[in-house]
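Right, one structure below, let's go through it.
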Amino acid sequence: MPASGNPQFLKKNCTSARKQKNGYLCPQLFIMDAAPSTGTAVSVKRLYIHDIMNLTNLIAPFFRNRVQEIENFFTQAESVQRQVLDNLVRRASDTQWGRKHHYAEIRTYEDFAERVPLSTYEDLKADIDRMRQGEADVLWPGRVRWFAKSSGTTNDKSKFIPVSRSGLNDTHYAGGSDAVAIYLHNNPLSRLFDGRALILGGSHAPNYNLPGTLVGDLSAILIENINPLVNLVRVPKKSTALLADFMEKRDRIAREAMHKNVTNLSGVPSWMMSVINRVLELSGKEYLDEVWPNLEVFFHGGVAFTPYREQYHRLIRSPRMHYMETYNASEGFFGLQNDPCDPAMLLMLDYGVFYEFIPLEEVGHPEAKALPLWEVETGRNYAMVISTSSGLWRYQIGDTVKFTSTHPYKFIISGRTKSFINAFGEELIVDNAEKGLQEACRQTGAQVREYTAAPVFMDDRGRCRHQWVMEFGKEPPSLEAFADILDRALQNLNSDYEAKRFKDLTLQRLEIIKAPHGHFDRWLESKGKLGGQHKVPRLCNNRDIIEEVLALLPDYTI
């Protein structure tokens, strides 16, 4: 979706189709004419009969009406969101939470905001634990049987996010279906369903040993409850997908998928890359499209794709390959990249999620005020607040977003409310870090696999700086030159960082410590978080994480 608000999904900037021995293929959005009012393709030029008679063309029509629905709510955002809120409040009115906050008397968003407090995991933890113990009608009607295990809080190793049957269907699975609908709309010559989907998942375990309830990675919960028909078009087999030992799972996935006709990938970029490398090792091939010649799309999410983009482009040479970002968190499915030419994602408005946003500068303040979607502005950082059909109410999920458009509502993930460095007033956020790394990689040809950064408040020579531990997929010719470029890029991106770097008065130039291949995997394994949806924290305002990472490096001293 262009940021200008044009409701067309498709852009008419396609390159010419290339003649192949099996027909005509276009590397991007293909050759088509679009009806100006709807963006619906009305003709596709030079299609051969064998391009039409495929399974994907038989299935694709079932997704077309949904694309029209998505386009329609671009101009009805406030109305759609108010309807979502009304439905959530009405359904939860007889829960313990609903009675406590007088849901039966709520008629408007203003009533809701006045009666229901903003919440964090700590605020809801006791209620969630009662739900885990089998108590019904606490935050959401009935018993919730699945709990997505997520990264911990200050007081706990893990959070357990409730995932109701409603949340599975009207949010998580709806998002997956819409990702396919939008992709097929943008790529009418797709053969997506003519092969297999390689879908990575985590693992799960019994919840308090209660029959029929589980805790685990969201991906494992989704795989456990997925429509059995989907298993006919996916790899690996379910027992492999749910293995807890990631290294064993990685090997078995590679062996099961290697000889299949894989057309699409879904998962976290870091873990998918690990599986891809194992596939290449076992196959003896240099490029992934030699193993899977019909591979056409990677639906990715969980971490920013920027550090991994060049690695994927290097291993997958096919001009038909596409990349589509999704925003599917433990708490809900929130966004989809609907325009391949625009990295911003479309906020999905008609799922079981009501959105509010706190201006980043107010986060943590007792008087912080959340804004409904229709009051946000472009270009500002907001902390996301959600109310969902799994019983999270005005819940601060910890992610920050920045809107690039409000007609329709499109956004980028700019970071985490707890993932920043502001030790010296520099207010460095993840979005700055990712863009700075992109520029440093562009200029040096390097590829960054993983990284984390934190402040050095004062070393033995009285110097203050940012310290980065970085694992490269491809090392730069000069680490010092890479650090210089990154430091300058951060100054160009962030005026506060630039001010603190002025003449080295407050901050000295950043420091990069090179970590060996697999170092961050070893750190995650030491924390019991290797595989699944776990990820490396990017920016931390204290040294807790970076000291653990450094401790695994031999002979390192600050």
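The values are calculated or read from the model by the stated rules, or taken from the named source; none is laboratory data. Computed from a predicted structure; not experimentally measured. Every residue, glycine as well, gets a Cβ built from its backbone with ideal geometry; the counts of neighbours run over all protein chains shown. Side chains included, ligands, DNA and RNA excluded: accessible areas come from the protein's heavy atoms. Shrake-Rupley method; radii C 1.70, N 1.55, O 1.52, S 1.80 Å.
Quick notes
- One way to sum up the overall shape of segment 380-533 is the equivalent ellipsoid from its Cα gyration tensor, whose semi-axes run 28, 21, 17 Å, largest first.
- On the principal axes of its alpha carbon atoms, segment 246-290 extends 24, 20, 17 Å, with the longest extent given first.
- Built from the Cα atoms of the chain, the convex hull projects on average onto 26.1 nm², one quarter of its surface area.
- Treating each Cα of segment 113-251 as one equal point scatterer and applying the Debye formula with no solvent, the log10 of I(q)/I(0) at q = 0.15, 0.21 Å⁻¹ comes out as -0.87, -1.33.
- Packing-based order for 431-439, 254-262, 64-72, using average beta carbon neighbours within 10 Å, highest first: 431-439, 254-262, 64-72
- Share, in percent, of DSSP beta bridges within the chain that are antiparallel, nearest 5: 70
- The distance from the alpha carbon centre of segment 537-551 to that of segment 389-433 is 20 Å, rounded to a whole number.
- Rolling a 1.4 Å probe across the protein heavy atoms gives segment 402-452 an accessible surface of 35 Å² per residue.
- Ordering of 285-293, 115-123 by packing is 285-293, 115-123, highest average first (other Cβ atoms within 10 Å, averaged per residue).
- Percent carbon-and-sulfur accessible area, the chain, ignoring ligands, DNA and RNA, probe 1.4 Å: 50
- Proximal charge balance of Met247 [Cβ under 11 Å; K/R count +1, D/E count -1]: -1
- Options His185, Ala174, Thr75, ranked by Cα towards positive dipole end of segment 75-187, top entry (Cβ charges): Ala174
- Translational diffusion of segment 470-558, µm² s⁻¹ [Kirkwood Rh, Cα pairs; Stokes-Einstein; 20 °C; 1.002 mPa s]: 142
- Across the chain, Cα pairs under 8 Å and at least six residues apart give a relative contact order of 13 percent.
- Cα centroid separation, segment 331-349 to segment 61-103: 18 Å.
- Share of alpha-carbon pairs per 5 Å distance bin for segment 444-497, given as whole %: 4, 16, 21, 26, 20, 10, 2
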